[in-house]
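Before any comments, here is the structure.
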Amino acid sequence: LTVLGIETSCDETAAAVVRGPVQREILSNTIRSQIDEHTEFGGVVPEIAARAHIDVLDRIVAEAMNDSGCSWDDIDAVAATAGPGLIGGVIVGFMTAKAIAMAADKPLIGVNHLEGHALTARLTDDLDFPFLLLLVSGGHSQFLMVRGVGDYERLGTTIDDAIGEAFDKTAKLLGLPYPGGPHVEKMAAKGDVRRFRLPRPLLDRPGLDMSFAGLKTALRTQAKKLEPVDDQTIADLCAGFQRAVSDVLATRTGTALNLFRERHPQSEPVIVVAGGVAANQEIRNALTHAAAETGARFVAPPMHLCTDNAAMIAWAGIERMQLGPVNDMSLPPRPRWPLDSENAGILGAGK
Ligand code: ATP
Ligand code: MG
Ligand code: FE
């Protein structure tokens, strides 16, 4: 199967052509980031994002088709993100996909963006169900038990800010540019982690929920006391923040792996990480360590497939097509679409 994928749920306009499921190959993977358009506002502006998607999507799709060396005859289906995300962008991408599918007479697959993230590791690695997924991005921080295509159980989630969001807010309050994650990481490398002891919210409680808003507030309080903060203090605060987040994730990952073992004693315990925050080297190291400690396998897809991209959407489409014929022409775009809701994931997409 060869599928054209389209992704427009946030601030990346992306299209890709992927072949699978047996011989898995990314034939093209085009992406245009809108970061430059949003930087001056310190975050993604939904209306600007939607307009930018409209401006470039047709060119991005043409480029992805061109790079893949495929003609329309080679394409078996069109898959596009149908939610969740910024609704203006989702509408642009999903309606464009509907138009292409109609014009080229191909089936349309409406993909849950989170399912795209969840299944990416099966494109890049040899990975069977079930596995644990830690999704850490700008909008989500959750542990999911991935039992099969369309079969997800959310085990725990942040009760307030997503981790990427916490990185971005921390950066903002320290005067670092948007998006904050990479800047906080760069500063942290020059900092002393012992100078500021920041809280590990919720870790005294059982379960897999997490909280990051308090951490950011604690950091703000510390910074306020020292105003005006010099570069070394910023670096030390970044180091303390990053370490606190890593500790929380590593501890929760250990708990999640124990739960996995209890529920699936016959399966190899695997933890997969996805989402933009997975770019963070200290967090990766902490997760690698937590997995190794319990003898579990740690899988991290290459960075450009952890952040938003269309290859993961095309791949989710291929996975869906294994389960039978699909036609999502009447599916509406959705701003919210939790993966563990009753009609979650692509299995329930037509409902
Ligand atoms: P979602 O997928 O939940 O809709 P999103 O599209 O904003 O959200 P991604 O594009 O996957 O998420 O990731 C972006 C987030 O990742 C931003 O919040 C950014 O700060 C964070 N991030 C990127 N690089 C790093 C890094 N090196 N360290 C920490 N965070 C990072
Ligand atoms: Mg993004
Ligand atoms: Fe995403």
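Please treat every number below as a calculation from the coordinates, not as lab data. Computed from a predicted model, the values in this text were never measured in an experiment. Virtual Cβ from ideal backbone geometry, glycine too; neighbours counted across all protein chains shown.
From the helices alone, meaning DSSP H stretches of at least four residues, give me the mean residue ellipticity at 222 nm for the chain, per-run term -39500 (n - 2.57), in deg cm²/dmol to the nearest 500. Intermediate values should be presented prior to the final figure.
Values: 11 runs with 152 residues, N = 351.
When only DSSP H runs of four or more count, the value is -14000 deg cm²/dmol.
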> Based on Cβ point charges of +1 for Lys and Arg and -1 for Asp and Glu, what charge dipole magnitude is obtained for the chain about its Cα centre, in debye rounded to the nearest 20?
Replying inline: 1020 debye
> In the chain, which helices (entire DSSP H runs) extend 24 Å or more along their own long axis, judged by Cα positions, while averaging at least -0.5 on the Kyte-Doolittle scale?
Replying inline: 46-68, 87-104, 231-263
>> Report the gain in length on full extension from A62 to D125: 0.36 nm times residue separation, minus Cα-Cα distance, nm rounded to one decimal.
In response: 19.9 nm
> When the chain is fully extended, how far beyond the present Cα-Cα distance does F41 get from D105, taking 0.36 nm per residue of separation?
Replying inline: 19.0 nm
>> Check which residues have an amide H placed less than 5 Å from T158's amide H, if you skip close sequence neighbours.
In response: S141, M210
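In debye, nearest 20: dipole of the range 4-85 around its Cα centre with unit charges on the Cβ of K, R (+) and D, E (-)? Walk me through the intermediate numbers first.
Numbers: 5 positive and 15 negative charges, 42 e Å.
The dipole of the range 4-85 has a size of about 200 debye.
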>> Full-extension gain between R220 and L323, please, as 0.36 nm times their residue separation minus the C-alpha to C-alpha distance.
In response: 32.1 nm
>> Let me spell out the model: positive unit charges on the Cβ of Lys and Arg, negative unit charges on the Cβ of Asp and Glu, origin at the Cα centre of the range 208-351. What dipole size does that give, in debye rounded to 20?
In response: 260 debye
> For the residue pair D55 and T294, what label-to-label distance in nm results when each label sits 7 Å from Cα along the Cα-to-beta-carbon direction?
Replying inline: 4.6 nm
>> One quarter of the convex hull surface, Cα atoms only: what value does that give for the range 285-331 in nm²?
In response: 5.3 nm²
> Once you have the alpha carbon radius of gyration of the range 255-346, what is it after dividing by 2.2 N^0.38 Å, with N set to its residue count?
Replying inline: 1.34
> Cα to Cα, under 29 Å, and not fewer than 8 places away if on the same chain: which lysines meet these conditions relative to K169?
Replying inline: K186, K190, K216, K224, K225
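Beyond 31 Å, how much of the Cα-Cα pair distribution for the chain remains, as a whole percent? Write out the running numbers ahead of the final one.
On the way: 20705 of 61425 pairs.
Every Cα pair in the chain considered, those over 31 Å come to 34 percent.
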> Which order, highest average first, do 247-254, 136-143, 260-267 follow once you tally other Cβ atoms within 10 Å for each residue and take the mean per peptide?
Replying inline: 136-143, 247-254, 260-267
>> Highest mean first, how do 60-66, 216-222 rank when packing is the count of other Cβ atoms within 10 Å averaged over residues?
In response: 60-66, 216-222
